[in-house]
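Reading through the structure tokens given below for one structure.
Quick note: the coordinates plus some simple rules give every number you see, no bench work behind them. No experiment lies behind these values; they were computed from the predicted model shown. Every residue, glycine as well, gets a Cβ built from its backbone with ideal geometry; the counts of neighbours run over all protein chains shown.
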Amino acid sequence: MSLIPRIAAPITCLTIVGLGIGLSFPLLTFEMESMGVSSQLIGANTAIPSLAAILLAPLAPRIASMIGTSNLIMASLLVAAISFAMFLLPLPFWMWFPVRFIFGASIYYIFVISEFWINASIDDQRRGFVLGIYATILALGVASGPLILTVAGPGTPTPYFVGIAIFIVGMIPILVWRKLAPQIKVEKRSHIFRFILVSPTSALAAFCFGALETGSFSLLAIYALRHGFTVTDAAFAIAMVSLGSVFFQIPLGLIADKVDRRLVLIFCAFTGLIGSLLLPVIINTVFLFPTMIIWGGIVVGLYTVGLAHLGARFSGQDLLSANSLFVFLYALGSLISPILIGQGMDIWNPEGYIVVTVMFIVLFLVVAVWRWMRDPRIFRTAKTRDTA
């Protein structure tokens, strides 16, 4: 069977869900702001999806083996639609936390199972290229979400109905191609955390990217404002970070199919390090926006190439367990980085943003370079290049 039918369902599903995510996150934030909720509580509620991913990650392989991978995606899409609809109800604000937890858990399972489906359906010679396509399409979906919110009109029920429809439409490709979904049977207890020791480079790539992405989306605008930017220019800087992910994932994927993927990950992190260190120097120059495009696009490669590196290492139950850990560590990085960066900015205003960001990158580089130097040949065969 050709490649396209095998990956059409999860990629189409994730693209549609990306639209829903890009719509729901700013919508719920604006809604809380209009309710008069404090910034601290808004931040706490926004962190709930990451908490759901962290707590529920160990359950993903067993649930998928019990009800089937396609059924788990279908159930998660349905739960996402129902929980998103609940925000239309006149709920007391404390109820937003359990509802957001359920919504976040459903999104998490859609991602972890769909990424497992993609990784399990492709051969290693094209793994980076296919995952680059996936990341590019997903980025376009997420970036289009706020545009939908603008057209639908915040402050009205319309965006909620659009979001519900998006999650329901996401079921269609799964229904059409559900027979192609890879199945697993959990024959032994598999603790997902053991994969940190088996593939620390992939594990830390997910953690580092989660920290950098959430840090940039949550506090880069504050950093820019404290350097004298207007709100519009600060928002534009963040948009440039997102735009970069659209341009660079396919080229990075193609490179990762030719050379040691650990080397590509090191390049992505090193680029992120240089860009972060340059930011205070170029923040008020014409070089800022092009640098943000390059920085954002290359750093996203930590996730894309890290996922490809993971797929080359494992299969079956082990792949799903490792993929669960991958998303778990991404969520962990997403959860703790705004806290640490915020504290850093309180201590050293505003350059604490740079200091903490660099710390995350250096942590990854130390481990990744050490692992790569144990077998430093750059070019490898498909069988040997991902063995560490």
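Can you say whether Leu19 is farther than 20 Å from Gln183 by Cβ and part of a helix (DSSP H, G or I), as far as the supplied structure shows? It is true that Leu19 is farther than 20 Å from Gln183 by Cβ and part of a helix (DSSP H, G or I). Going through the stretch 73-101 one residue at a time, which ones are buried (at least 18 other Cβ atoms within 10 Å of the Cβ) and under 17 Å from Tyr160 (Cα atoms)? Selection gives Leu77, Val79, Ala80, Ala81, Ser83, Phe84, Phe87, Trp96, Val99, Arg100.
Among the residues of the stretch 194-243, count how many are among the charged types (D, E, K, R), surrounded by fewer than 21 Cβ atoms within 10 Å (Cβ to Cβ) and assigned to a helix (DSSP H, G or I).
Total meeting the criteria: 2.
So which of Thr214, Thr271, Thr230 ends up being of a type outside the set (A, V, I, L, M, F, W, C) and in contact (Cβ under 8 Å) with a residue 60 or more places away in the chain?
On inspection, the qualifying residue turns out to be Thr214.
For Gln317, the conditions (1) in contact with a Pro (Cβ under 8 Å, 6 or more places away or on another chain); (2) crowded, with 20+ Cβ neighbours inside 10 Å all hold with the exception of (2).
So that you can scan it fast, the table gives a plain yes or no per residue for (1) over 30 Å from Ile133 (Cα atoms); (2) in contact (Cβ under 8 Å) with a residue 60 or more places away in the chain:
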{"residue": "Val37", "(1), (2)": "yes, no"}
{"residue": "Leu51", "(1), (2)": "no, yes"}
{"residue": "Ala64", "(1), (2)": "no, yes"}
{"residue": "Ala75", "(1), (2)": "no, no"}
{"residue": "Met86", "(1), (2)": "yes, no"}
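Screening Val130 against (1) crowded, with 23+ Cβ neighbours inside 10 Å; (2) without any contact (Cβ under 8 Å) to a residue 60 or more places away in the chain leaves a single unmet condition, (2). The residues of the stretch 99-133 that are outside any helix (DSSP H, G or I) and either in contact with a Phe, Trp or Tyr (Cβ under 7 Å, 6 or more places away or on another chain) or not β-branched (Val, Ile, Thr) (or both) amount to a single one, Asp123.
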